[in-house]
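Have a look at the structure below, then the notes.
The values are calculated or read from the model by the stated rules, or taken from the named source; none is laboratory data. It should be emphasised that the depicted structure is a prediction, and the values quoted were computed from it without experimental measurement. Reconstructed Cβ throughout: ideal geometry from the backbone, glycine too, with neighbour counts over all protein chains shown. Ligands, DNA and RNA are stripped out before the accessible areas are found, and what is left, the full protein with its side chains, is counted by its heavy atoms. Shrake-Rupley method; radii C 1.70, N 1.55, O 1.52, S 1.80 Å.
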Amino acid sequence: MSIVAACYYNEGKRIRDVALDEHVQWDKSRSDFCWIALHDPTAEELHAIQTTYQLHPVAIDNAMHPLCPPKLEVYNDELYVVAQTAELVGDTIRYGKMAIFTGHNHLITVRHGHAGELGTLRKQLEASPALLGKGVDYVLHAILHRIVDQYLPIFEMIEDDVLAMERRSLGDFLGREDVARIFALRCQLTHFQRTLGAMAELVRKLVRGHFPCISADVRPYFNDVADHVDRVQTMVNGLLQVLSSVFEFSSLLEAQRMGRNTRQLAAWAAVLAVPAAIAGIYGMNFTHMPGLNATYGFFVVIGLMATSCLILFLRFKKAKWL
């Protein structure tokens, strides 16, 4: 069903359900408003609320698209806000869109994709009439606050994965799958970082600017949302640095291992070079060579080769090349 809820509120209390094409008679109070929530609505449903609440056609056209970066626009006395929802499905961050039309006496949300815990927000606000009675601007704050709060579990789950990978890199070399995983996480976190940056800019505008439908009493509430966005941004930036450090540390360990192997090969080559040279000389078909006719010549040459190998081995062992 496209219509999640469509209710009329007065003084923080839910009075009754309303239809999308119903013209409600408002009073002068800020606590008198309609709150309509739509999920993947049809073009007919959007046309109905456009006609009833006189919404701008550009905003309606934008609300029909399933994905759009966070933004804030003003159309006459209407405030149009687009926030980006996010959830972690398996190893992938999936994004959704929440378009919010805020008028003096109405708030209309058009959601595409996953909403997470947004479905319980209405019940929580209805349980606090004093807060709900502040008006549509407070409801807008509560929606943005809940969307930002859902970013933190995504970060925490990815953080656990990254820290586990960091611990593995200290004890062993990263394999091909681990390296691919690092780059995939880095790509997702970079996209997430861009989303957070756009959300932070959106909330800062609501804190600093003067917009229709946002009262001076409610504006300070958006500071809390901005603080939450900044907190998640800082943690994501730190996690990106950890990912880079894990990859660099693994590369250094790999280079160190390759250097150690190279030194070992060079040391063994040097150890075997002397006996190989002696054996090569005595393998030549010369008649007059030292020790050929001596009784113990063979054993002397073998002893010389073994002694040279032992001396070289001990020197390289002391230098920690072997």
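Need the failing condition index for Asn285 against (1) part of a helix (DSSP H, G or I); (2) at pLDDT below 70, just the number.
Among (1) part of a helix (DSSP H, G or I); (2) at pLDDT below 70, Asn285 violates only (1).
Would you mind stating whether Phe211 is touching a strand residue (DSSP E or B) at 6+ places or on another chain (Cβ under 7 Å) and either among the hydrophobic types (A, V, I, L, M, F, W, C) or in contact (Cβ under 8 Å) with a residue 24 or more places away in the chain (or both)?
When the stated conditions are applied, Phe211 passes them.
For segment 15-38, enumerate the residues that are of a type outside the set (A, V, I, L, M) and surrounded by 17 or more Cβ atoms within 10 Å (Cβ to Cβ).
Across segment 15-38, the qualifying residues are Arg30, Ser31, Asp32, Phe33, Cys34, Trp35.
When the residues of segment 118-127 are narrowed to those that are modelled with pLDDT of 85 or more and open to solvent by less than 40 Å² (accessible area, probe 1.4 Å), which ends up nearest to Ile143 (Cα to Cα)?
Leu121
Filter segment 8-60 down to the residues that are touching a residue at least 60 places away in the same chain (Cβ under 8 Å) and touching an Asp or Glu at 6+ places or on another chain (Cβ under 6 Å), then identify the one that is nearest to Gly113 (Cα to Cα).
It comes out as Arg14.
Could you run through segment 130-188 and say how many residues are at pLDDT 80 or above, part of a helix (DSSP H, G or I) and more than 16 Å from the chain's Cα centre (by Cα)?
Count: 14.
Of all the strands (runs of 3 or more DSSP E) wholly in segment 1-106, which have at least 1 residues that are touching a His at 6+ places or on another chain (Cβ under 9 Å) and under 30 Å from Val162 (Cβ atoms)? Working first, answer last.
Values: elements: 3-10, 13-17, 33-39, 71-75, 78-89, 92-102.
The strands (runs of 3 or more DSSP E) meeting that bar are 78-89, 92-102.
Only one of (1) modelled with pLDDT under 85; (2) of a type in the set (A, V, I, L, M, F, W, C); (3) under 36 Å from the mean Cα position of the chain (by Cα); (4) surrounded by fewer than 20 Cβ atoms within 10 Å (Cβ to Cβ) is not met by Ala115, so which one is it?
Status for Ala115: all satisfied but (4).
Please specify each residue of segment 78-112 satisfying the condition of being of a type in the set (Lys, Arg) and open to solvent by less than 50 Å² (accessible area, probe 1.4 Å).
Once the filter is applied, which keeps residues that are of a type in the set (Lys, Arg) and open to solvent by less than 50 Å² (accessible area, probe 1.4 Å), segment 78-112 yields Lys97, Arg111.
Please identify the pairs in which a residue from segment 119-134 that is of a type in the set (Gly, Ala, Ser) has its Cβ atom under 6 Å from the Cβ atom of a residue that is open to solvent by less than 60 Å² (accessible area, probe 1.4 Å) and assigned to a loop (DSSP other than H, G, I, E, B), counting only partners at least 6 apart or on another chain.
Going by the 6 Å Cβ cut-off, the qualifying pairs are Gly133/Gly12; Gly133/Ser31.
Would segment 210-230 turn up any residue that is closer than 18 Å to Arg146 by Cα and in contact with a Lys or Arg (Cβ under 7 Å, 6 or more places away or on another chain)?
So far as segment 210-230 goes, yes, one or more of its residues are closer than 18 Å to Arg146 by Cα and in contact with a Lys or Arg (Cβ under 7 Å, 6 or more places away or on another chain).
Give the residue, chosen from Gly90, Gly119, that is closer than 17 Å to Val4 by Cα, of a type outside the set (Ser, Thr, Tyr) and out of contact with any Asp or Glu (no Cβ under 6 Å at 6 or more places or on another chain).
Exactly one of Gly90, Gly119 is closer than 17 Å to Val4 by Cα, of a type outside the set (Ser, Thr, Tyr) and out of contact with any Asp or Glu (no Cβ under 6 Å at 6 or more places or on another chain), namely Gly119.
Of the conditions (1) within 30 Å of Asp27 (Cα to Cα); (2) out of contact with any Phe, Trp or Tyr (no Cβ under 9 Å at 6 or more places or on another chain), Val89 fails just one. Which one is it?
(1) is the only condition that Val89 fails.
Looking at this structure, is Tyr75 closer than 27 Å to Pro129 by Cβ and either modelled with pLDDT of 85 or more or in contact with a Ser or Thr (Cβ under 9 Å, 6 or more places away or on another chain) (or both)?
So Tyr75 fails the test.
Can you tell me which of (1) under 25 Å from Thr92 (Cα atoms); (2) of a type in the set (Asp, Glu); (3) at pLDDT below 75 is the one Glu254 doesn't meet?
Checking Glu254 against (1) under 25 Å from Thr92 (Cα atoms); (2) of a type in the set (Asp, Glu); (3) at pLDDT below 75, the one that fails is (1).
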